[in-house]
Amino acid sequence: MEGIPKWDSMDVQGKIETAITVDTYLQCARCCQQSDACDGIFYNSTTGYCVIIEIFDGLVINNVSLGKFFRLKKNCLYSGYEYIWQLDSCIMFYYSHLTWSDSKLRCVNDNGNLLTIETARKEYILLPFLMEKFEKQGLRFWWIGGTDAAQEGIFRWINGENVTYSNWDQSQPDDSSDGIPGADCIRYLIHSMTEAAWRDYDCNDQLRSICENKMFL
Ligand SMILES: [Ca+2]
Ligand SMILES: [Ca+2]
């Protein structure tokens, strides 16, 4: 079975990229491996119908009601990281509290980076993980990898990219931390099971944090 990817099956939504007819599930799986746009397949063993599916950027994803869907499964290289297949990325939640800079360093020491949220889709996919931690453990605040420390008012992700997509809370960013002047780091805040937003906050505050990497077994 060498070279054959591991697949999970679950109900998901996606966009149909290509549809062909093949004799076996493995042929269908190999087609997916050969396509950059393939996030998973649908295969109907009765008809041989093989559909290459791409999960595309954006909140609204076309409904695929064809039946069973297979998606590629990867394992994260480093223990503690959790594979999020929709993002093809590994995420780690750190529970001990550190300043933003120390949180950033901790991620790097563990071969990752503080989480960046460049798109609405990424936030949408991550939210259930955060909401679960809020629901079960009451955890509300997380450092993520954005700051305006280099230039006040211009928020950048730690990879140097400008923050273009954002989910700022009402009246944020305000360069203030609960009324105390000075706030250069993005704090992720869970308000409730249905509401979450970003606030700029004092980078010296100690919070839990989220790291990300793309290193797989
Ligand atoms: Ca600021
Ligand atoms: Ca603020």
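Which residues, taken from the range 118-145, are within 16 Å of Glu195 (Cα to Cα) and either part of a loop (DSSP other than H, G, I, E, B) or touching a helix residue (DSSP H, G or I) at 6+ places or on another chain (Cβ under 9 Å) (or both)? Residues satisfying the conditions are Gly138, Leu139, Arg140, Trp142. Within the range 99-150, the set of residues being at pLDDT 95 or above and of a type in the set (Asp, Glu) comprises Asp102, Asp148. Among the residues making up the range 157-176, those that are among the polar types (S, T, N, Q), within 15 Å of ligand 2 (Cβ to nearest atom) and either in contact with a strand residue (DSSP E or B) (Cβ under 7 Å, 6 or more places away or on another chain) or not in a loop (DSSP other than H, G, I, E, B) (or both) are Ser166, Asn167, Gln172, Ser176.
Considering the range 177-217, and only residues there that are assigned to a strand (DSSP E or B) and of a type in the set (Lys, Arg), the residue that is surrounded by the most Cβ atoms within 10 Å (Cβ to Cβ) turns out to be Arg187. Can you spot a residue in the range 151-159 that is away from ligand 1 (no atom under 14 Å from the Cβ), modelled with pLDDT under 95 and within 24 Å of Tyr94 (Cβ to Cβ)? The answer is yes; a qualifying residue exists. Among the residues of the range 129-150, not one is within 14 Å of ligand 1 (Cβ to nearest atom), crowded, with 16+ Cβ neighbours inside 10 Å and of a type in the set (A, V, I, L, M, F, W, C). Considering the range 120-156 alone, what residues qualify as being within 16 Å of ligand 2 (Cβ to nearest atom) and not aromatic (Phe, Trp, Tyr)? Across the range 120-156, the qualifying residues are Arg140, Ile144, Gly146, Thr147, Asp148, Ala149, Glu152, Gly153, Ile154. Of all residue pairs spaced 6 or more apart or on separate chains, those with beta-carbon atoms under 6 Å, a first member in the range 181-208 that is over 16 Å from Thr116 (Cα atoms) and a second member that is away from ligand 1 (no atom under 16 Å from the Cβ) and assigned to a loop (DSSP other than H, G, I, E, B) are Ile190/Arg140. Is there a residue in the range 97-104 that is in a helix (DSSP H, G or I) and aromatic (Phe, Trp, Tyr)? Among the residues of the range 97-104, at least one is in a helix (DSSP H, G or I) and aromatic (Phe, Trp, Tyr), which makes the answer yes.
The values are calculated or read from the model by the stated rules, or taken from the named source; none is laboratory data. Because the structure is predicted, anything quoted here is derived from the model rather than measured. Quick reminder, even Gly has a Cβ in these numbers, built from the backbone with ideal geometry, and neighbours come from all protein chains shown.
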